[in-house]
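Every read-out reported here was derived from the displayed coordinates using simple, explicitly stated rules and does not represent laboratory data. This one's a predicted model, so the numbers in the text were calculated from it and none came from an experiment. Cβ placement follows ideal geometry from the backbone for every residue including glycine, while neighbour counts extend to all protein chains displayed.
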Amino acid sequence: MYYSRIPGLLTALCLSMLCLGQVPDTTTALPVYRSLADALREPERVRSLDLSDQHIRLLPREISKLINLEELRLRNDDLTALPEEIGSLSKLRILDLSGNPIRHLPDHFKDLTELDELYLNGDSYFDLEQDMKTLSLLPHLRVLHLENDGLSLLPESIASLQHLEELYLNDNKLNTFPSPALRMDHLKLLDLRHNPMNPLIPLELQQRGVLVRF
């Protein structure tokens, strides 16, 4: 009698697992919008917008309507400037500006208080030193990409990015180890691959367990 009940129990268990598999996944990410016009039709629903490689040249002020935007990608869009209204994106966490001839960040860029990761790679016209004060005012900036920016020297002021944990400087023209990194107390990863320098890691960073890539 006991053994005859086992198949029935197994069947019930399998059915229960199948039912559980049919429960809607409430964590599924919302779709990535690839048209600003489509995004503006339902601005409050948009979490991720990718306008990369569309050569839009000008980011319209209406971008401020995307009040719940968390991820904005603008790679290779021929942007020379950003509108001040970008500072209205108070929930923005990831911003990709790589491959654009941008020289400076707007004053209200500092209002991106939730910005966690910023891509400025391939932006050889960008004046890093002049905009360092703006970047230092971002309270949650943890990851900064400066790959392939033609950097031969890292400005001392980059040490003011006290919350930075990951700094990507690969594919630049650095001849010596960027000493400002020694004063970045929260740094966990420093990428220096494809730079013309000796692969020597300062003892201080070794003791702190910072991962340095050559």
Failed item in (1) of a type outside the set (S, T, N, Q); (2) surrounded by 18 or more Cβ atoms within 10 Å (Cβ to Cβ); (3) farther than 19 Å from Glu166 by Cβ, with Pro101 passing the rest: (2)
Cross-chain or 6+ apart pairs with Cβ under 6 Å, region 194-214 first and within 17 Å of Leu153 (Cα to Cα), then outside any helix (DSSP H, G or I) and acidic (Asp, Glu): His194/Asp171
Selected residue (criterion: farthest from Gly150 (Cα to Cα)) from residues of region 81-116 that are in contact with a Lys or Arg (Cβ under 7 Å, 6 or more places away or on another chain) and assigned to a loop (DSSP other than H, G, I, E, B): Glu114
Test: residue in region 149-157 that is within 30 Å of Ile67 (Cα to Cα) and either of a type outside the set (D, E, K, R) or under 18 Å from the mean Cα position of the chain (by Cα) (or both): no
Condition met for Leu182 (surrounded by fewer than 17 Cβ atoms within 10 Å (Cβ to Cβ), part of a helix (DSSP H, G or I) and out of contact with any strand residue (DSSP E or B) (no Cβ under 7 Å at 6 or more places or on another chain)): yes
Lone qualifier among Ile86, Ile63, Ile56 - being in contact (Cβ under 8 Å) with a residue 12 or more places away in the chain and either surrounded by fewer than 16 Cβ atoms within 10 Å (Cβ to Cβ) or in contact with a Pro (Cβ under 6 Å, 6 or more places away or on another chain) (or both): Ile56
